[in-house]
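Single-structure report; data block below.
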Amino acid sequence: MPYSKFLLSAAAIAVASTAAAQSRDEIRIVGSSTVFPYTQAVAEQFASSTGAPSPIVESTGTGGGMQIFCAGIGEQHPDLTGASRAMKASEYELCLENGVDSISEALIGYDGLSIAMSRANENDWDLSLEQIYLALGAQVPVNGEWVDNPYTMWNEIDPSLPEVEILAYGPPPTSGTRDAFVELAMHAGCEELEFVKEGGFDGKWVKENCSRMRTDGPFVEAGENDNLIVQRLNADPNAMGIFGYSFLYENLDTLKAVNIGGVAPSAETIGDFSYPISRPLYFYVKNAHRGVIPNLEDFIAEYMSDDALASGGYLSERGLVPLTDEGRAKLQEAMLAGAPMEAPK
Amino acid sequence: MTDATQSAAHDAEGRYKLIARSLVRRRGRQARMKFYGMAALGFAFLMLAILVGSLLMSGYRAFTQTHVTLSVFVDPEEVKVERLPRGDFDDVLAASLAELFPDVDTGSRAEMRELSSILSNGAQFQLRDMIVDDPELIGTTVTVTVPVSDPFDQLGKGLVLRETPEDQRRVTDQQIAWFDALDERGAISEPFNWALFTHADSRFPELAGLKGALIGSFWALLVCFLISFPLGIGAAIYLEEFAPKNKISDFIEININNLAAVPSVVFGLLALAVFINWFGMPRSAPFVGGMTLALMTLPTIIIATRAALKAVPPSIREAALGVGASRQQVVFDHVLPLAMPGILTGTIIGLAQALGETAPLLLIGMNAFITSAASTPFDSATALPTQIFIWADSPERGFVSRTSAAILVLLGFLILMNGIAVFLRNRLHRSW
C-alpha cells in the first residue's frame, strides 16, 4: 500500500512543477501593514464589483515588501507593494539591478500615529514632542550631561504633568509604525531640546543619538498586534499606547487621544500636518506588469477612483486621511497614464 | 525465662510500634503524592477551563449575526436587465430604507449615507446575485434579509452601549433611533451566522468567514499527508526492519529525533529558500504549505511508526520466517498490518499538530488577504491558524469575537482529530 501512495505523491510533485509555470490570473500585492487595510478594501471592492479573481494582498511590512517587489519582473513576482514611507534609494537600486526599471509611485494619503490612553484615566493629557522624547528616549540630557534616561514619573519631566508613572506600549523595531514614530516624534522632540539646540548638534548627531527607545521598563514593545495594546490600555488606565490612528478611531468609546502640542489627532489635523506625527502612505506599481497581468489596469483605476480616494470615500471611512482635491486629481492623472517615478535621492 | 519472654514481648511491641509509625509515615507520603498529582491535574484543568471559558465568552457572539429584513422595490430605473450584473443596487436598498422613514430627506446625500450605513456593504452584492439569478424580479418588490454593518451588529448585541456619549461611538443618536424603529417593526433578527462557514475572508466583519481558511487547511493537510505518510512509513520500515545496526544508522536515528524538536519557523525559512526562491513555486499556495508541514510531520510519523513496529512481538516475525516467508513478506504481510493502528494514531496526531502550525505558513505567505476560497492546492489560500492571526490584527470591533470564534473552530477540529486517534487506538488495539 505505501508504494501506491508514494507514486501518488510523486505525481503530485510533478503536477506542482507544471503549476508553477502556469500563468497567474490574479493580482499579487505585498507591502506595509499600514497600507494593508486600505489595499484590502480596494481589493475586495474590486473583486465584488467586477467579478474578477480577487487580488491577493499580503502584509509583509514596508521593507520586506520592497525586497519581494524588487526581486524581478515576471509572474512569480508581485505587481504592487504598499509602503508607509517613500522608497529608499537603495531599494530603487535593487529594483534596477533586477530589471524593474519603470515603477509608478502613488501617494494615496496620510496616516496619523496616535498616542492613546484609556478613558478611565481622569487627566487631560497634552504633551509636547520634547516631553515625549524625555519620557521615552534611551538617553536624555540632565544638567548639561547626556546620560541614560533617569525619569520614571511624568511630573519629573515637567511639574505641570500629573504624578503618574511613565508607561507606554509601542510597536517593535521591525514595524514601519516604529520607524515612523522614531523619525516623526523622537527625532523632532530631540531637536527641540535646549541641550541639542545650544550644543549646535546637526541632524546626523540627532539620528545617531536620539533613535533609541529606552529599554529599562517605561517603554514596552508590545508586538505587531495593535488590538493587544488596546486591551492592555483598558486594563491599566495610566498606560499609553502608540499605534496607527485607525485603531484609535475604531476604539473611541474606550480610548482617548493624548494631544500633541495642543492638537488632537483627527482627519483634518493629520491631513494639514498640524498634528505633528503623521506620515504619507504610498503604493508602487511595476509598469512592466501593466497590460500583462490581467485586470491590473482596472484594479489601479479602482484604487484611483474618487469612490475610494476622495474624502468620504471608502478608504477615508477606514481611517485613511485623504489628499486634497487638487493633489488627488494630479495623482489620478499621473497613475492612469503610468508615469514612471524618478530615482529617489 | 520470664525475663526472656518479657523482653521478647517488649521487642515485639517495640517492633510493632516502629512498623506502625513508619506505616503512618508511608501512607502520609502516598496521600501527599496523590494530593500533589491531583493538584497539578486540577491546575491544568483550571487553566484549560479559563482558556476555553474566555474564548467562549468573547467568541459566542460571533456565531450569530444581526440581520435586517427589508421589502425592496427593484426600480427598473436603477437596475436594467441589459446592464446586469452592474447596477445601482446600493441606491435601490437605500431608497427602500428611506421609505420606512418619511422624515429622512432623500435629497440630502449625507443623510442618505448615514441611513444606508446601517446595511452591510455586502447587502448590495447579495441583492445583485439575487437579481442576476432571476432578472424577472426587476420592477417587482422583493423581501430580502441582509446583514447589518458591524457597528450596528455591535449595537444590536449590546457591545456598544447607548449610554456612551455620541462622539465616542461609531453610531450617532439618529442612527440608533432608526435602528430601534426597525427593531420595533420586527425587521431586526439575529440568526445563526452561516457566513462564518460559507464566506471567505472579508474586510467587513459581518461578511468575513472561514471558508477560505478551512479549504486552505484541507488542501495543505492533504498534501502533507500524501507526502509524509508514505515517506515516513517507508523510512521507519527500513530503519526498523532492514537497516544494519551500526554507527551510521545510530547517527540517522539521533538526527531524526533532533529534527522532531526543531522549531517550526526553521522549516518555514527552509521552504521559503528552497521551494519558493529556488524552485520558483507560487507564494501563499497550500501545496507549498503542505510540503513545508510534511517536513515537520515526517519525524513524528517516523518515530511513531518505529515504536509501533517495535511493539509487534518478535515471535510473529520468527513464525513467518520459519514457514519460509522473505523479509519483505514478513514486513508487509504480517508486521505492518499489526502495527497499523499505532501508525495511524501517530499520523493523526502529527497532522493535528500540522493543522495548528502557524509560523512556517507566515513565512511562505499563507497569511494573505484573499476573498475567495482556493479551488485547487495551487491557488492562494490562508489556513485556519493564519486566518486567526490576520483577524487578531484587524482594527474592526467585530473581529475581536470572530477571532475567538475561529480559535474555537480550530480547537474543535483538533479535538475531533485527537478523538479519532484515541478511537482508532482503542478499537484496533491488540494485546499480546
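The values are calculated or read from the model by the stated rules, or taken from the named source; none is laboratory data. Quick caveat: nothing in here was measured; it's all calculated off a predicted structure. When we count neighbours, we look across all protein chains shown, and the Cβ atoms used for this are built from the backbone with ideal geometry, even at glycine.
Restricting A:S160, A:S114 to those that are touching a residue at least 24 places away in the same chain (Cβ under 8 Å) and either under 27 Å from the mean Cα position of the chain (by Cα) or surrounded by fewer than 21 Cβ atoms within 10 Å (Cβ to Cβ) (or both) reduces the list to A:S114. If the condition is being touching a strand residue (DSSP E or B) at 6+ places or on another chain (Cβ under 9 Å), within 30 Å of B:T403 (Cα to Cα) and away from chain A (no Cβ under 14 Å), then the range B:59-92 contributes B:F63, B:T64, B:Q65, B:T66, B:H67, B:V68, B:T69, B:L70. Annotation: B:R430 fulfils all but one of (1) part of a loop (DSSP other than H, G, I, E, B); (2) over 20 Å from B:M291 (Cα atoms); (3) within 14 Å of chain A (Cβ to nearest Cβ); the unmet one is (3).
From the list A:A10, A:A20, which one is within 9 Å of chain B (Cβ to nearest Cβ) and either at pLDDT 65 or above or more than 19 Å from the chain's Cα centre (by Cα) (or both)?
A:A20
Of all the listed residues (A:V230, A:V258), the sole one being among the β-branched types (V, I, T), under 30 Å from B:L159 (Cβ atoms) and within 14 Å of chain B (Cβ to nearest Cβ) is A:V230. Counting residues in the range A:291-307 that are over 25 Å from A:S49 (Cα atoms), surrounded by fewer than 19 Cβ atoms within 10 Å (Cβ to Cβ), modelled with pLDDT of 85 or more and more than 19 Å from the chain's Cα centre (by Cα) gives zero. For A:E342, the requirement of being part of a helix (DSSP H, G or I), at pLDDT below 90 and surrounded by fewer than 15 Cβ atoms within 10 Å (Cβ to Cβ) is not met. Has the range B:396-405 got at least one residue that is of a type in the set (S, T, Y), buried (at least 20 other Cβ atoms within 10 Å of the Cβ) and facing chain A (nearest Cβ under 9 Å)? Yes: one or more hits.
For the range A:206-222, indicate whether the set of residues that are within 14 Å of another protein chain (Cβ to nearest Cβ) and under 18 Å from the mean Cα position of the chain (by Cα) is non-empty. Within the range A:206-222, one or more residues are within 14 Å of another protein chain (Cβ to nearest Cβ) and under 18 Å from the mean Cα position of the chain (by Cα).
Considering only the range B:152-174, state which residues are among the polar types (S, T, N, Q) and closer than 22 Å to B:F399 by Cα. Passing the criteria: B:Q154, B:T164, B:Q168, B:T172.
Which residues, counting only those in the range B:347-356, are β-branched (V, I, T) and either within 12 Å of chain A (Cβ to nearest Cβ) or assigned to a loop (DSSP other than H, G, I, E, B) (or both)? Talk me through it step by step, then tell me what you get.
Filtering the range B:347-356 for residues β-branched (V, I, T) gives B:347-349.
Residue satisfying the conditions is B:T347 alone.
Filtered by the rule that a residue be assigned to a helix (DSSP H, G or I) and in contact with a Leu (Cβ under 6 Å, 6 or more places away or on another chain), the range B:299-329 gives a lone residue, B:P299. Only one of the numbered conditions (1) exposed (fewer than 14 other Cβ atoms within 10 Å of the Cβ); (2) under 27 Å from the mean Cα position of the chain (by Cα) is violated by B:N255, and that is (2). Quick check on the range B:369-382. Is at least one of its residues part of a loop (DSSP other than H, G, I, E, B), of a type outside the set (A, V, I, L, M, F, W, C) and under 15 Å from the mean Cα position of the chain (by Cα)? Within the range B:369-382 (the criterion being part of a loop (DSSP other than H, G, I, E, B), of a type outside the set (A, V, I, L, M, F, W, C) and under 15 Å from the mean Cα position of the chain (by Cα)), the answer is yes, since at least one residue qualifies. Looking across the range A:76-117 at every residue that is outside any loop (DSSP other than H, G, I, E, B) and of a type in the set (S, T, N, Q), the one that is nearest to A:P344 (Cα to Cα) is identified as A:S90. A:A41 meets all of the listed conditions (1) part of a loop (DSSP other than H, G, I, E, B); (2) within 11 Å of chain B (Cβ to nearest Cβ) but one, namely (1). Screening A:L315, A:L336, A:L323, A:L281 for residues that are assigned to a helix (DSSP H, G or I), at pLDDT 85 or above and within 30 Å of A:G261 (Cβ to Cβ) leaves exactly one candidate, A:L315. Only a single criterion out of (1) within 12 Å of chain A (Cβ to nearest Cβ); (2) surrounded by fewer than 19 Cβ atoms within 10 Å (Cβ to Cβ); (3) under 26 Å from B:P205 (Cα atoms) is not satisfied by B:A359, namely (1). Does A:I29 satisfy the criteria of being more than 8 Å from chain B (Cβ to nearest Cβ), surrounded by 24 or more Cβ atoms within 10 Å (Cβ to Cβ), modelled with pLDDT of 90 or more and not in a helix (DSSP H, G or I)? For A:I29, the condition - more than 8 Å from chain B (Cβ to nearest Cβ), surrounded by 24 or more Cβ atoms within 10 Å (Cβ to Cβ), modelled with pLDDT of 90 or more and not in a helix (DSSP H, G or I) - is met.
When residues in the range B:107-138 are screened for being within 14 Å of B:W178 (Cβ to Cβ) and more than 38 Å from the chain's Cα centre (by Cα), 2 of them pass. One residue stands out in the range A:268-290 among those that are buried (at least 19 other Cβ atoms within 10 Å of the Cβ) and among the aliphatic types (A, V, I, L, M): the one that is nearest to A:P37 (Cα to Cα), namely A:L281.
Here is a yes/no grid of residues against (1) in contact with a strand residue (DSSP E or B) (Cβ under 8 Å, 6 or more places away or on another chain); (2) more than 14 Å from chain B (Cβ to nearest Cβ):
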| site | (1), (2) |
| --- | --- |
| A:I270 | yes, yes |
| A:R279 | yes, yes |
| A:A288 | no, yes |
| A:N295 | no, no |
| A:I300 | yes, yes |
| A:Y303 | yes, yes |
| A:D307 | no, no |
| A:G312 | no, no |
| A:T324 | no, yes |
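Have a look at B:G216, B:G234 and point out the one that is more than 21 Å from the chain's Cα centre (by Cα) and modelled with pLDDT of 90 or more.
Working: B:G216 fails: more than 21 Å from the chain's Cα centre (by Cα).
Answer to the check: B:G234.
In the range A:223-245, the count of residues that are at pLDDT 85 or above, touching a Leu at 6+ places or on another chain (Cβ under 6 Å), closer than 19 Å to A:D111 by Cβ and not assigned by TED's automatic domain parsing to the domain that holds A:A86 is one or more. Only one entry in B:V79, B:V104, B:V52, B:V74 is at negative phi, surrounded by 14 or more Cβ atoms within 10 Å (Cβ to Cβ), out of contact with any Ser or Thr (no Cβ under 7 Å at 6 or more places or on another chain) and modelled with pLDDT of 85 or more, namely B:V52.
Checking the condition assigned to a helix (DSSP H, G or I), buried (at least 23 other Cβ atoms within 10 Å of the Cβ), more than 10 Å from every other protein chain (Cβ to nearest Cβ) and of a type outside the set (A, V, I, L, M, F, W, C), which residue from B:G212, B:G232, B:G216 passes?
On the way: B:G212 fails: more than 10 Å from every other protein chain (Cβ to nearest Cβ); B:G232 fails: more than 10 Å from every other protein chain (Cβ to nearest Cβ).
Result: B:G216 is the single residue among B:G212, B:G232, B:G216 that is assigned to a helix (DSSP H, G or I), buried (at least 23 other Cβ atoms within 10 Å of the Cβ), more than 10 Å from every other protein chain (Cβ to nearest Cβ) and of a type outside the set (A, V, I, L, M, F, W, C).
Consider the range B:109-137 and keep the residues that are farther than 19 Å from B:S149 by Cα and either in contact with an Asp or Glu (Cβ under 9 Å, 6 or more places away or on another chain) or among the aliphatic types (A, V, I, L, M) (or both). The one that is farthest from the other protein chains (Cβ to nearest Cβ) is B:L137.
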